[in-house]
Structure formats: structure tokens, C-alpha cells
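All remarks here apply to the structure that follows.
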Amino acid sequence: LLEKWLPRADLLAAHLTPIDYQPPIVTPRTVETAVTRLQALQREAQGYGVQFVYLIPPTLNTADATARIAGKARAAGVPVLLPYQPGEMAAANFADGLHLNHGGANEFTSRLGVALRQLLDGAAAH
């Protein structure tokens, strides 16, 4: 959609997103706050009769705290999909260090499909 609205947006995006992005410093308190908010989202979704699932996109940053948040969220009963560990997906799959390019999107979608099927099969078994 962006390409139709702004042709060659991919060239512009490389100049807008820092390639060496560093996430904020994460403390035990911020992890706890994140999990509390994820639980609130889960309750809100349940109020509408839908299941909330926390999906974590790939990142190049191996120090990203989302894996820690994912572990605590799972322990708190929030379903989490983490198809790629931080830093696991190859840099060649990113258009600008943050957003996936076409090849990265295909790889992510394939792995996400497997993870989603496992989640759904597990939910059906309960």
C-alpha cells in the first residue's frame, strides 16, 4: 500500500530507520509492567470473545528484551509467538535493519504459520 501511495518508499525507509537501533534499557520492573499490560490486553480480548496472542517480530538486536518478556508472559498465562529469537534472522532479510524485506517477510510468514498451527493445535487439545 505504501508503495502505491509513495513510489520507491523502500529507498526512503533506509534513511528513516536507524540500522543500529538499540532498545531501551530493560529492568525487572519494565518487564513486569509489560507482562501486566499484556495480561490486561488478554482480559480485554476475552471480554469480546477472542483469544489474544502476543506476536513478537524478528529483530537484529541480540540484546532485545522481548525474549525475557515472552518467558514471563507465558508463565503468566499469556500465549506468545516468538518465531525468531532476537538476532536469529539474517540481516539480509531486513530492508532497513528494522523492517523485513520481501524475502524476510516470506521466511517470517512460513515460520509464523508453523508456530500458529502449534498454538492452535495445543488450544484444541485442551
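The values are calculated or read from the model by the stated rules, or taken from the named source; none is laboratory data. What you see is a predicted model, and the numbers here were worked out from it, not measured in a lab. Please note: Cβ atoms are built from the backbone with ideal geometry, for glycine as well, and neighbour counts cover all protein chains shown. With ligands, DNA and RNA removed, areas are computed over all heavy atoms of the protein, side chains included. Shrake-Rupley method; radii C 1.70, N 1.55, O 1.52, S 1.80 Å.
Note on the chain: with a GNM built from Cα contacts shorter than 10 Å, the maximum mean-square fluctuation among Leu12, Leu100, Leu41 falls on Leu12. In this structure the stretch 37-126 gives 59 Å² per residue of accessible area when probed at 1.4 Å with all protein chains present.
Helices assigned as whole DSSP H runs in the chain whose Cα atoms extend at least 24 Å along their own long axis and whose mean Kyte-Doolittle hydropathy is -0.5 or higher are found at 102-125. As a length-normalised measure over Cα pairs under 8 Å and 6 or more apart, the relative contact order of the chain settles at 25 percent.
The orientation-averaged projection of the convex hull spanning the C-alpha atoms of the stretch 34-106 amounts to 5.4 square nanometres.
Roll a 1.4 angstrom probe over the protein heavy atoms and tell me the percent of accessible area of the chain that is carbon or sulfur. That share works out to 61 percent. When you filter the chymotrypsin sites (Phe, Trp or Tyr not before Pro) in the stretch 34-126 for DSSP loop state and at most 14 other Cβ atoms inside 10 Å of their Cβ, you are left with Tyr48. For the chain, the equivalent ellipsoid derived from the Cα gyration tensor has semi-axes of 28, 19, 15 Å, listed largest first.
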